[in-house]
Amino acid sequence: MSQPVENLDEVLKNHKLSKEEYEDILRILDGRHPNIVEIGIFSAMWSEHCSYKSSKKYLNGFPTKAPWVIQGPGENAGVIDIGEGMAAVFKMESHNHPSFIEPFQGAATGVGGILRDIFTMGARPVANLNALRFGRVRGDSAVNKYQRHLVRGVVDGIGSYGNCMGVPTIGGEVSFDESYNGNILVNAFSLGLVRSDEIFLGVASGIGNPVMYVGSKTGRDGLGGAVMSSDSFTEESKSLRPTVQVGDPFTEKLLLEACLELFKTDHVVGIQDMGAAGLTSSAFEMAGKTGAGLIMHLDKVPAREEGMTPYDFMLSESQERMLICAKKGSEQAIIDIFEKWELDVAVIGEVTDTQRMELFWHGEQVCDMPIAPVSEEAPILDRPMARPAYLDEVNAKTVDDYARVDDQKAYEKLLAPLEVVDKAWVYNQYDSMVQTNTTKHPGSLDASCIRIKENGRALAMSSDCNPRYCYIDPKGGAALAVVESGRNVAMSGARPLSITDCLNYGNPENPEVMWQFAQGCEGIKEACLELNTPVVSGNVSLYNETNGVSVFPTPAIAMVGLNDDQNKVLPSVFQQEGNNIVLIGETKGEFGGSLYLKELFGDTAGTLPSFDYKTELKLWELVIEANKADLLMSAKDVNVGGIAIALSKMAAVSGKGISAKISVQESRDIFDESQSRALLEVRDADLDEVLVMASGLGLKAEVIGKVGGDTVKVNGVALPLEKVKDVYFNTFKRTIEQDL
């Protein structure tokens with residue numbers, strides 16, 4: 001066994017291990033001091049990124065079960081039943097720190113990692129989304145210019161990897177706030193399809209069964225990546241470039257096809273993606289789930305570089321690699337498949353009954369530790385919490401504390417923010433139509449949809465979070481992220497079923513951030529219970545701060561819903577001139593955390609818009625059932641920027657003007673952000689039936705205007721349709737490309 005390390009204090013500091021954690025390590029090793037390989041393993045497995053030690057106690061209690069849930073949290077991805085023997089596999093993950101340091105590779109490998117999570121389960125990935133948050137990109141400061149550089153690099157990375165893999169990127173969201181100036185967020189979502197009886201899990205079992213390594217060779221890229229992602233940024237963080245992995249989508253495409261071919265055989269017991277912490281996490285997780293032991297010979301791992309050590313092999317985060325537990329006797333058959341696809345493949349160990357991880361290097365044992373304590377006994381921290389001091393001040397403000405602004409001026413200002421306008425510059429770099437199943441594509445508003453050829457149904461998915469809401473009310477804002485993602489899915493005619501989440505917060509060592517996180521978890525629990533949309537997978541990303549400044553709480557939620565008929569996917573833009581526009585829901589003059597306060601006064605303040613889960617569910621029911629009865633031509637939710645902005649988006653994308661008159665208390669209420677509202681496009685012949693349905697559900701319904709004309713007119717504000725289209729379609733490109 002290798003010798004215990006010298007300069008212990010320095011080694012522990014570099015591995016982000018505390019003295020208390022080292023005492024735990026000594027206990028687990030029966031008093032023996034660990035060597036450098038073992039310290040590296042503990043460091044990775046007990047990092048925030050892998051162990052969730054700050055967040056685990058708050059994640060307990062998430063609703064995770066429903067009749068349609070096949071696999072909840074704990075595997076590579078969640079799985080839900082979508083009928084006729086088919087299942088949808090999906091998950092969302094963060095790649096925030098790497099993307100800030102190296103935007104192209106950080107974002108690209110984020111996409112690669114989430115795709116592996118999906119096809120490791122036996123599913124073919126069929127749709128990607130992404131949720132991106134950047135700092136302020138408008139202006140000529142060094143920060144503005146660097147943020148534009150980050151936008152270009154991240155989008156290029158996402159597009160290049162997804163496009164090479166042949167997986168369509170069908171939607172997502174992009175928002176901007178100065179809270180992300182020092183720490184952008186790059187969250188990637190992927191969904192795959194699989195037969196319900198062909199799902200594979202990440203387990204190792206069966207004494208004597210071989211453990212096999214497949215995919216790319218291992219290099220030193222990504223060393224320490226999991227630990228790096230478990231710390232805050234400082235001015236020196238650019239030196240962390242070596243901890244960012246380098247992706248090769250062409251190799252991953254081969255790996256995808258080889259794995260899917262392998263899954264058609266009877267050779268596999270379990271399979272695990274080598275993600276964060278590489279070979280370490282995959283081996284410990286596979287064995288930990290079954291109580292098995294493993295022997296691995298690290299000198300048999302295919303190497304890309306000379307002079308690599310056992311430490312390098314265990315902690316490298318080289319991309320496009322998998323660990324397989326195979327059935328004994330199947331080794332050559334598996335080797336034949338991966339060699340046919342020109343991929344590395346090697347038998348590197350076997351399953352034992354010792355419940356220990358035994359690692360060898362050219363015959364010498366370099367690690368011997370019990371698996372369960374390492375994978376299951378990471379410290380669960382009970383960090384101090386404190387309600388943020390800023391809340392009293394921001395919650396005390398109302399819209400009446402700000403100067404009155406002419407409504408026309410306000411309208412023109414609210415039409416142009418980058419979070420409002422079309423992101424064609426982004427999504428045109430993504431292939432959204434590959435696989436030919438996309439039926440509601442990027443830019444078509446609200447949820448994105450794909451058809452399922454195998455059963456004639458359609459899946460709708462939407463990623464949502466309003467960080468301003470989460471800043472002024474961490475619990476309610478997180479709940480509204482669930483509500484909003486569900487509402488977007490319902491607007492396509494699909495019934496929301498389950499979520500995956502990506503919980504992005506600041507430094508958990510700050511009691512106010514820990515309070516925000518705990519409150520956010522409570523909001524998600526509450527909303528998922530009330531809406532019957534359980535959590536099936538997810539990810540936590542902490543330490544999103546630079547020089548002591550944390551990002552806004554950003555619990556990104558991706559909702560997946562099912563439409564029973566792929567031919568009844570409901571559009572969210574106007575279809576035909578002369579149709580009626582019906583507003584469902586109440587406009588109450590709610591401006592807390594609104595775009596109105598942010599864009600006109602530079603402030604994020606107020607109290608959260610009130611909302612009621614029962615009313616929200618009735619709104620979903622109305623749209624889903626009216627769509628089934630062919631009573632609707634289009635539907636869009638009313639959200640950021642209020643009715644005026646929602647109508648303007650629908651008009652711009654459809655190329656059809658509108659004239660609308662809404663009953664409001666104050667003229668500015670056309671920009672308010674009251675919840676549980678939708679705009680429905682209804683033919684004359686169907687109008688009475690839709691109004692009766694709404695009334696029967698206890699929902700307020702108001703006919704506010706007609707589709708048609710060459711103007712966008714909402715109460716007292718108006719612009720020519722061509723002007724609205726120019727602002728909507730060209731603003732983003734002009735801003736992001738201004739340095740080029």
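Here the condition is being touching a residue at least 12 places away in the same chain (Cβ under 8 Å), within 30 Å of T607 (Cα to Cα) and surrounded by fewer than 16 Cβ atoms within 10 Å (Cβ to Cβ); of P388, P379, P384, it holds for P384 alone.
Quick check: is even one residue across segment 404-417 more than 22 Å from I645 (Cβ to Cβ) and of a type in the set (K, R)? No: segment 404-417 contains no residue that is more than 22 Å from I645 (Cβ to Cβ) and of a type in the set (K, R). Being within 25 Å of L414 (Cβ to Cβ) and not hydrophobic (A, V, I, L, M, F, W, C) is the requirement here; does G593 meet it? Considered against the rule, which asks whether it is within 25 Å of L414 (Cβ to Cβ) and not hydrophobic (A, V, I, L, M, F, W, C), G593 comes out as yes.
Looking at segment 35-57 only, could you name the residues that are among the hydroxyl-bearing types (S, T, Y) and open to solvent by 30 Å² or more (accessible area, probe 1.4 Å)?
The one that is among the hydroxyl-bearing types (S, T, Y) and open to solvent by 30 Å² or more (accessible area, probe 1.4 Å): Y52.
Of the candidates A66, A44, the single residue that is closer than 17 Å to P496 by Cα and out of contact with any Asp or Glu (no Cβ under 6 Å at 6 or more places or on another chain) is A66. The set of residues in segment 306-332 that are among the β-branched types (V, I, T) and not in a strand (DSSP E or B) contains only T309. Filtering segment 333-341 for residues that are out of contact with any Phe, Trp or Tyr (no Cβ under 7 Å at 6 or more places or on another chain), part of a helix (DSSP H, G or I) and among the basic types (K, R) leaves a non-empty set. Evaluate segment 38-45: report whether one residue or more is in a loop (DSSP other than H, G, I, E, B) and either of a type in the set (A, V, I, L, M, F, W, C) or at pLDDT below 90 (or both). No: segment 38-45 contains no residue that is in a loop (DSSP other than H, G, I, E, B) and either of a type in the set (A, V, I, L, M, F, W, C) or at pLDDT below 90 (or both).
Among the residues of segment 534-543, are any over 23 Å from the mean Cα position of the chain (by Cα) and either of a type in the set (A, V, I, L, M, F, W, C) or assigned to a loop (DSSP other than H, G, I, E, B) (or both)? No, every residue in segment 534-543 fails to be over 23 Å from the mean Cα position of the chain (by Cα) and either of a type in the set (A, V, I, L, M, F, W, C) or assigned to a loop (DSSP other than H, G, I, E, B) (or both).
Of all the residues in segment 183-202, those that are of a type in the set (V, I, T), in contact with a helix residue (DSSP H, G or I) (Cβ under 6 Å, 6 or more places away or on another chain) and either surrounded by fewer than 24 Cβ atoms within 10 Å (Cβ to Cβ) or assigned to a loop (DSSP other than H, G, I, E, B) (or both) number 1. Residues in segment 361-376 that are in contact with a strand residue (DSSP E or B) (Cβ under 9 Å, 6 or more places away or on another chain) and either closer than 22 Å to K475 by Cβ or open to solvent by less than 30 Å² (accessible area, probe 1.4 Å) (or both): V366, C367, M369, P370, I371, V374. Selection within segment 590-622: residues that are closer than 19 Å to E666 by Cα and aromatic (F, W, Y). The member of this set that is most open to solvent (accessible area, probe 1.4 Å) is F601.
When A490, A556 are checked against the criterion of being buried (at least 23 other Cβ atoms within 10 Å of the Cβ), farther than 23 Å from A188 by Cβ and at pLDDT 95 or above, a single residue qualifies: A490.
Of the residues that make up segment 578-589, is at least one among the small types (G, A, S), closer than 21 Å to V692 by Cα and surrounded by 21 or more Cβ atoms within 10 Å (Cβ to Cβ)? Looking through segment 578-589, at least one residue is among the small types (G, A, S), closer than 21 Å to V692 by Cα and surrounded by 21 or more Cβ atoms within 10 Å (Cβ to Cβ).
Checking each residue in segment 163-182 for being polar (S, T, N, Q), in a loop (DSSP other than H, G, I, E, B) and farther than 15 Å from P103 by Cα picks out no residue at all. Considered as a group, the residues in segment 603-659 that are of a type in the set (S, T, Y) and at pLDDT 95 or above include one that is nearest to G476 (Cα to Cα), and that residue is T607.
The set of residues in segment 404-445 that are open to solvent by less than 70 Å² (accessible area, probe 1.4 Å) and of a type in the set (A, V, I, L, M) comprises V405, A410, L414, L415, A416, L418, V420, V421, A424, V426, V434, L445. Selection over segment 104-146 of residues that are in contact with a helix residue (DSSP H, G or I) (Cβ under 8 Å, 6 or more places away or on another chain), without any contact (Cβ under 8 Å) to a residue 60 or more places away in the chain and in a helix (DSSP H, G or I) gives a count of 1. Is it the case, given these coordinates, that K598 is charged (D, E, K, R), at pLDDT 95 or above, in contact with a Leu (Cβ under 7 Å, 6 or more places away or on another chain) and in a helix (DSSP H, G or I)? It is false that K598 is charged (D, E, K, R), at pLDDT 95 or above, in contact with a Leu (Cβ under 7 Å, 6 or more places away or on another chain) and in a helix (DSSP H, G or I). If only residues of segment 435-452 that are in a loop (DSSP other than H, G, I, E, B) and not small (G, A, S) are counted, the one that is nearest to K723 (Cα to Cα) is L445.
For segment 64-78, the criterion of being assigned to a helix (DSSP H, G or I), crowded, with 23+ Cβ neighbours inside 10 Å and either of a type in the set (G, A, S) or without any contact (Cβ under 8 Å) to a residue 24 or more places away in the chain (or both) is met by no residue. Going residue by residue through segment 349-361, is there one that turns out to be hydroxyl-bearing (S, T, Y), more than 30 Å from M314 (Cα to Cα) and either assigned to a loop (DSSP other than H, G, I, E, B) or at pLDDT 95 or above (or both)? Within segment 349-361, none of the residues are hydroxyl-bearing (S, T, Y), more than 30 Å from M314 (Cα to Cα) and either assigned to a loop (DSSP other than H, G, I, E, B) or at pLDDT 95 or above (or both). Pairs are defined by a Cβ separation below 7 Å, a sequence spacing of at least 6 or placement on different chains, a first member in segment 268-293 that is under 17 Å from T352 (Cβ atoms) and of a type in the set (F, W, Y), and a second member that is open to solvent by 10 Å² or more (accessible area, probe 1.4 Å) and at pLDDT 90 or above; the pairs so defined are F284/M45.
Within the option set R27, R32, being open to solvent by 20 Å² or more (accessible area, probe 1.4 Å) and outside any loop (DSSP other than H, G, I, E, B) holds for one residue only, R27.
Against the list (1) under 25 Å from L622 (Cβ atoms); (2) open to solvent by 30 Å² or more (accessible area, probe 1.4 Å); (3) of a type outside the set (A, V, I, L, M), the condition N510 fails is (1). Just for segment 13-24: of the residues that are part of a loop (DSSP other than H, G, I, E, B) and at negative phi, which one is farthest from the chain's Cα centre (by Cα)? Across segment 13-24, the extreme among qualifying residues is S18. The number of residues in segment 399-434 being assigned to a loop (DSSP other than H, G, I, E, B), modelled with pLDDT of 95 or more, over 15 Å from N730 (Cα atoms) and not basic (K, R) comes to 4.
The values are calculated or read from the model by the stated rules, or taken from the named source; none is laboratory data. Everything quoted here is computed from the prediction, not taken from an experiment. Backbone-built Cβ (ideal geometry, glycine too); neighbour counts: all protein chains shown. Ligands, DNA and RNA are excluded from the accessible area calculation, which covers all protein heavy atoms including side chains. Shrake-Rupley method; radii C 1.70, N 1.55, O 1.52, S 1.80 Å.
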